[in-house]
Amino acid sequence: MNIDQLQRQFGIDGQVRIQPGAGDLPCIKITHALANATIYLHGAHVTQYQPAAQPDLLFLSEKSHFSPDQPIRGGIPICFPWFGPRQGHPESPAHGFARILPWQLESTSADAKSVQVVLTLESNEKTRASWDHDFTARYTITIGRTLNLALQVTNNGTTPFSFEEALHTYFRVHDIHQARIDGLSGTCYLDKTDALKQKLQPAGAIEITSETDRVYLNTVSRCVIHDRGGRRRITIDKEGSQNTVVWNPWINKSRAMADFGDDEWPGMLCVETANVGCGQVTLQPGASHTMTATIEPHTTDKTL
Ligand code: BG6
């Protein structure tokens, strides 16, 4: 369907509009009393979520590509069916194919509390060429006072398969030097900046003081980002997720990324709801798995 047909079928007067976005990629613009949002069909990518009377919650790079063969840098890329580089397959795209394929718009709906958008990605010739499994990924995005994301994966084939997944959420922060993360103290993580060594997160909030790229293990409870410079606290609750990835590229890595501004790193922090590595999910034929993240911003009076 082209953009006009999508708009005729799924548009909702005053609340949901399907229109050309950056790079002419189709996007869904949500306008609701409680929040505004933008979702690209390319990658089922939420690029903007702005609760009423608050600044945008998500970071989006000014250098991002908006092109059918490239991921969008910022917002919430979906990593699936693998995370990071695919072991033994250097030719495969990093973080899987879900973020660089067009998803189908299945439904839109709206009421006084929220707008809901459902997008799907079905296995096809292209996905089977690199990952030979039959699946449906169904992504339900609910935009209201909170941002609720539910990624359901179903095995439509006749043999079991395993996959990794992440809702690679780029939070906008006022200044990374003043940001803290609560909820991971006392857990173990794999340090991707130090040859994947397993380390223990000491008690207390996490401060980011250098390049940080960590996969926290067996972490199922709430994380809280204290964006103290931005006078905001963001809670992230999740279900069906064993891992939490924390990432900030810091100075040198930022310079090495073509689709990320050299000076953008102090304004973002990724806290990702994930199932990766030992946390990968195995699905029997006919079975489904759902991973959800509920993200809620709270304004605070305090800066420090
Ligand atoms: C993070 C990974 O989730 O994503 C990092 O842990 C990676 O290792 C980062 O560098 C960005 O990945 P990409 O493929 O979007 O540049």
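Per-structure values
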{"read-out": "Too-long pairs where the Cα-Cα distance tops 24 Å, listed order kept, from Lys197/Lys253; Lys63/Lys253; Lys192/Lys253; Lys63/Lys197; Lys29/Lys113", "value": "Lys63/Lys197"}
{"read-out": "Peptides ranked, highest mean first, by Cβ atoms within 10 Å: ranges 72-79, 256-263, 184-191, 148-155", "value": "72-79, 148-155, 184-191, 256-263"}
{"read-out": "Rounded D (µm²/s) - segment 1-152, Kirkwood Rh over Cα pairs, Stokes-Einstein at 10 °C, 1.306 mPa s", "value": "100"}
{"read-out": "Sequence-separation-based contact order of the chain, relative, with Cα cut under 8 Å and 6+ spacing, percent", "value": "16"}
{"read-out": "Efficiency of FRET from Cβ geometry, Asn156 and Glu125, R₀ 22 Å, rounded to 0.05", "value": "0.90"}
{"read-out": "Rounded Å value of the spacing that divides the Cα centres of segment 88-157 and segment 165-202", "value": "25"}
{"read-out": "Residue-span extension gain [Ser92 to Asp263] - 0.36 nm each, minus C-alpha spacing", "value": "58.7 nm"}
{"read-out": "Residues Met291, Met1 arranged by fewest to most Cβ contacts within 10 Å", "value": "Met1, Met291"}
{"read-out": "Assigned charges on the beta-carbon of Lys, Arg, Asp, Glu; the chain dipole about Cα centre (debye)", "value": "520"}
{"read-out": "Descending semi-axes in Å of the chain, equivalent ellipsoid built from Cα gyration tensor", "value": "28, 25, 18"}
{"read-out": "HN-Hα J in Hz across segment 109-125 - Karplus 6.51, -1.76, 1.60, θ = phi - 60°, x for Gly and Pro", "value": "8, 8, 9, 5, 8, 6, 10, 10, 10, 10, 10, 10, 10, 9, 4, 8, 3"}
{"read-out": "Note, ³J(HN,Hα) from phi for segment 203-214, Karplus 6.51, -1.76, 1.60, rounded to Hz, x at Gly and Pro", "value": "4, x, 6, 8, 10, 9, 10, 6, 3, 10, 8, 10"}
{"read-out": "Karplus-derived 3J(HN,Hα), 6.51/-1.76/1.60, for each residue of segment 219-227, Hz, glycine and proline x", "value": "10, 10, 9, 4, 10, 10, 9, 9, 8"}
{"read-out": "Percent RCO, i.e. relative contact order, over segment 1-111, from Cα pairs under 8 Å lying at least 6 residues apart", "value": "20"}
{"read-out": "Order of Thr159, Thr120, Thr212 under a 10 Å beta carbon neighbour criterion, fewest first", "value": "Thr159, Thr120, Thr212"}
{"read-out": "Computed [θ] at 222 nm, deg cm²/dmol, the chain (DSSP H ≥ 4; -39,500 (n - 2.57); rounded to nearest 500)", "value": "-1500 deg cm²/dmol"}
{"read-out": "Average projected area [Cα convex hull, segment 6-78], square nanometres", "value": "5.0"}
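Every number in this text was worked out from the coordinates using simple rules, so none of it is lab data. What you are looking at is a predicted structure, and each value in this text was computed from that prediction instead of being measured. No Cβ is skipped: glycine too gets one built from the backbone with ideal geometry, and neighbour counts run over all protein chains shown.
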